[in-house]
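One structure is given here, and the rest of the page talks about it.
The values are calculated or read from the model by the stated rules, or taken from the named source; none is laboratory data. What you are looking at is a predicted structure, and each value in this text was computed from that prediction instead of being measured. Because the Cβ atoms are built from the backbone with ideal geometry, glycine has one as well, and the counts that use them run over all protein chains shown. For the accessible areas, the whole protein counts, side chains as well, though only heavy atoms, and no ligand, DNA or RNA atoms are used. Shrake-Rupley method; radii C 1.70, N 1.55, O 1.52, S 1.80 Å.
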Amino acid sequence: MVGTESWRAVSAGVLASAGIDSSGKVSTWGFGDSGKLGHGTVGQLVLAPKRVAAVEGETFQTVSYGRSHLVALT
């Protein structure tokens, strides 16, 4: 279990992960080198899932992490 959310989908990348919660919102956690967590900072370490504010108005179905990128399907 990660955080307190019920996860619809999760994906693990290199040192970071992402998930879609039961309401369809995307969160990321891990090491944000190159800003890959989507929280607007570089090199940030996020130990618990944190919603990505830039896409807060969207509802997602699935998510996939690559080496240095994240894609999510609405």
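Descriptive notes on the structure:
- Scanning segment 1-41 for residues that are touching an Asp or Glu at 6+ places or on another chain (Cβ under 8 Å), open to solvent by less than 60 Å² (accessible area, probe 1.4 Å) and of a type in the set (Asp, Glu) yields a single hit, Asp21.
- Single residue of Val52, Val26 found to be touching a His at 6+ places or on another chain (Cβ under 8 Å), among the hydrophobic types (A, V, I, L, M, F, W, C) and in contact (Cβ under 8 Å) with a residue 24 or more places away in the chain: Val52
- Filtering segment 31-63 to residues that are at positive phi and under 9 Å from the mean Cα position of the chain (by Cα) leaves only Gly38.
- Residues satisfying the stated conditions in segment 42-68, i.e. exposed (fewer than 11 other Cβ atoms within 10 Å of the Cβ) and in a loop (DSSP other than H, G, I, E, B): Gly43, Glu56, Gly57, Arg67
- Any chance Ala72 is exposed (fewer than 13 other Cβ atoms within 10 Å of the Cβ), within 11 Å of the chain's Cα centre (by Cα), in contact (Cβ under 8 Å) with a residue 12 or more places away in the chain and outside any helix (DSSP H, G or I): no
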